[in-house]
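In what follows, a structure is listed as C-alpha cells, so that the remarks can point back to it.
The values are calculated or read from the model by the stated rules, or taken from the named source; none is laboratory data. None of the values given here were measured: they were computed from a predicted structure. FYI the Cβ positions are ideal-geometry reconstructions off the backbone, even for glycines, and counts take in every protein chain you see. Just so you know, the surface numbers come from the protein's heavy atoms only, side chains and all, with ligands and any DNA or RNA stripped out. Shrake-Rupley method; radii C 1.70, N 1.55, O 1.52, S 1.80 Å.
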Amino acid sequence: MNHPVLPCKTPLLTPRRTGTPLTHPFSFINHPSNTPLSLQTPSLPDCDSPSNAPLKKQIPIRHDCRVASSFLQGVTAAFVMLSVVITGMAQSINDETGLTFYGWSDQHVQASGDASHVIPVVDAMNVMEGTSYPEKVGGKVARPQFVLGAGDITEWPTIAAMKTYDDLLKIRLKIRAYDVIGNHDDGGLVPSETMKKWAIARHGGLSYTFDAGGVHFVMLWSAFDASKEPAQPLTTESLDYLRKELAKAPKDAPIIIATHLCHDAIVNKDALIDAIGTAKVILILGGHYHFASVQEYRGFRFVQLPSPKSEWTEFTVLRITPDRLIALPYDFVKRAWATEPRKILDIPVKPLR
C-alpha cells in the first residue's frame, strides 16, 4: 500500500533587516543600524520531492513533518522572545552608562619613531575603565568604545613615526581608535604623503564618518598652509564635505565633529557654524594648541583635547547619556581629575527633536 507523504515546508531561521528602525533608548537617538531582525521563510521542497520518494519496499514513513514544523515554530518563537529580553537588557545598560570614549591630540611621535612620551598615556587609557568620577559627576568610568585623536600624530611624517604609532594602536592600545590628521602630519613645508596614505588606508579617507552609541561622528580634515600663521580657516573643501555628510546623517542622531584646529585656531568659525546649519551638532572637538579647554561660540560647545607633548599629563574622558554631556580631563600621573572650570564641560542635554 502507498503511504501518503506529508508536506514539509518548515521555516529556516534566516535573519534579514527590515526597514522599521528600533527606537534607541536615548530619547534623541534613532540610529538606522538599530533595525529589528525578522524571520524569512524561504520556499522549500516538499517532503514528497523525488529525493523523498517512498522506498521500494514501501516501508511506512513514521515521521510527521507537521510535528517538525510545529517544533521549529516553537523554537522560533522562543528565539524571538529571548532576543527581546536580551535587547531590553542591553537598552537598560545603555540607558545607564551612555556612550563613553577618550579624547587626545598632538601625540607628536618623533621622526626617529620615538614615542616614549606617548606610551604612558596609552597605558593609562587601557586601565581607566572603572575609575570613580568626581563626586559631582558620580559613578565610574564605563568601558570606552574608542579613543578619538584630533591630529598631529607625528612631529614630521616619517615612515618610522608612522610605524610606531600604527604599532601603538594595533598592539599596545587595547581600545579601538579613530584619528584625523593634523598640519604636522602632511609634512608642512617639506610635504610627505606617508601619514595621508596611512589615514586613507586605515579609515577610508582623510575625512570620514562613523557611528557609535547612536552618535554620528564626522572626522573633518582640512588642508593647512604651513607658510602662514597657526590660526587658519577651515578650507572651502572641508566645509563642503561637512555640509554633504551632515545632510546624509541619520535622522535625529546627535552629531559630533572632530577636526585638528581648535576653537581659538579656527578663524572662520562663522563659516563653520553656517555649514552646520540645523544639523544636531552637540560638540566640536579639536586639538592643535596642546592643552584642554572648553569654549562656546554661537551656542556651540568646542572642546580642545590635550596633548602628550605638553606640561599637562592629561587625556579627556567624554560621556554622553540621554540627559548629560561630560568632557573631563584626567591627569594620569597625579591620578586626579581636572578641577579648573575652563577645562570642564558638564551640561544637560535636551532631547533633540
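Are any of the residues in segment 309-322 within 23 Å of K248 (Cα to Cα), out of contact with any helix residue (DSSP H, G or I) (no Cβ under 6 Å at 6 or more places or on another chain) and modelled with pLDDT under 95? Steps first, please.
Step one: of segment 309-322, the residues within 23 Å of K248 (Cα to Cα) are 320, 322.
Adding the requirement that they be out of contact with any helix residue (DSSP H, G or I) (no Cβ under 6 Å at 6 or more places or on another chain) leaves 320, 322.
Filter again for modelled with pLDDT under 95, leaving 322.
Checking segment 309-322: at least one residue is within 23 Å of K248 (Cα to Cα), out of contact with any helix residue (DSSP H, G or I) (no Cβ under 6 Å at 6 or more places or on another chain) and modelled with pLDDT under 95.
Sort through K163, K136 and tell me the only one that's in a loop (DSSP other than H, G, I, E, B), open to solvent by 10 Å² or more (accessible area, probe 1.4 Å) and in contact (Cβ under 8 Å) with a residue 40 or more places away in the chain. Working first, answer last.
Numbers: K163 fails: in a loop (DSSP other than H, G, I, E, B).
Selected residue: K136, the only one of K163, K136 that is in a loop (DSSP other than H, G, I, E, B), open to solvent by 10 Å² or more (accessible area, probe 1.4 Å) and in contact (Cβ under 8 Å) with a residue 40 or more places away in the chain.
Quick one: count up the residues across segment 295-320 that are touching a Phe, Trp or Tyr at 6+ places or on another chain (Cβ under 8 Å), in contact (Cβ under 8 Å) with a residue 40 or more places away in the chain and surrounded by fewer than 19 Cβ atoms within 10 Å (Cβ to Cβ). Reasoning before the result, please.
Of the residues in segment 295-320, the ones touching a Phe, Trp or Tyr at 6+ places or on another chain (Cβ under 8 Å) are 295-296, 304-308, 310, 312-318.
Among the residues that remain, those that are also in contact (Cβ under 8 Å) with a residue 40 or more places away in the chain are: 304-308, 310, 313, 315-318.
Restricting the remaining residues to those that are surrounded by fewer than 19 Cβ atoms within 10 Å (Cβ to Cβ) gives 310, 313.
Counting residues in segment 295-320 that are touching a Phe, Trp or Tyr at 6+ places or on another chain (Cβ under 8 Å), in contact (Cβ under 8 Å) with a residue 40 or more places away in the chain and surrounded by fewer than 19 Cβ atoms within 10 Å (Cβ to Cβ) gives 2.
Can we say S293 is within 15 Å of V147 (Cβ to Cβ), at pLDDT 95 or above, touching an Asp or Glu at 6+ places or on another chain (Cβ under 9 Å) and not aromatic (F, W, Y)? Let's see the steps before the verdict.
Values: within 15 Å of V147 (Cβ to Cβ): no; at pLDDT 95 or above: yes; touching an Asp or Glu at 6+ places or on another chain (Cβ under 9 Å): yes; not aromatic (F, W, Y): yes.
No.
Which one of these is among the β-branched types (V, I, T), within 22 Å of P230 (Cβ to Cβ), buried (at least 19 other Cβ atoms within 10 Å of the Cβ) and in contact (Cβ under 8 Å) with a residue 60 or more places away in the chain: V141, V109, V180, V121? Walk me through how you get there before you give the answer.
Working: V141 fails: within 22 Å of P230 (Cβ to Cβ); V109 fails: in contact (Cβ under 8 Å) with a residue 60 or more places away in the chain; V121 fails: within 22 Å of P230 (Cβ to Cβ).
One residue alone meets the criteria, V180.
Among the listed residues L345, L325, L285, L272, which satisfies the condition of being among the aliphatic types (A, V, I, L, M), open to solvent by less than 10 Å² (accessible area, probe 1.4 Å) and closer than 13 Å to W104 by Cα? Break it down stepwise before answering.
Values: L345 fails: closer than 13 Å to W104 by Cα; L325 fails: closer than 13 Å to W104 by Cα; L272 fails: closer than 13 Å to W104 by Cα.
Every option except L285 fails the conditions.
Here's the yes/no breakdown for (1) open to solvent by 20 Å² or more (accessible area, probe 1.4 Å); (2) within 20 Å of S105 (Cα to Cα); (3) within 20 Å of the chain's Cα centre (by Cα):
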site: M219; (1), (2), (3): no, yes, yes
site: F224; (1), (2), (3): yes, yes, no
site: P233; (1), (2), (3): yes, yes, no
site: T236; (1), (2), (3): yes, no, no
site: D240; (1), (2), (3): yes, no, no
site: K244; (1), (2), (3): yes, no, yes
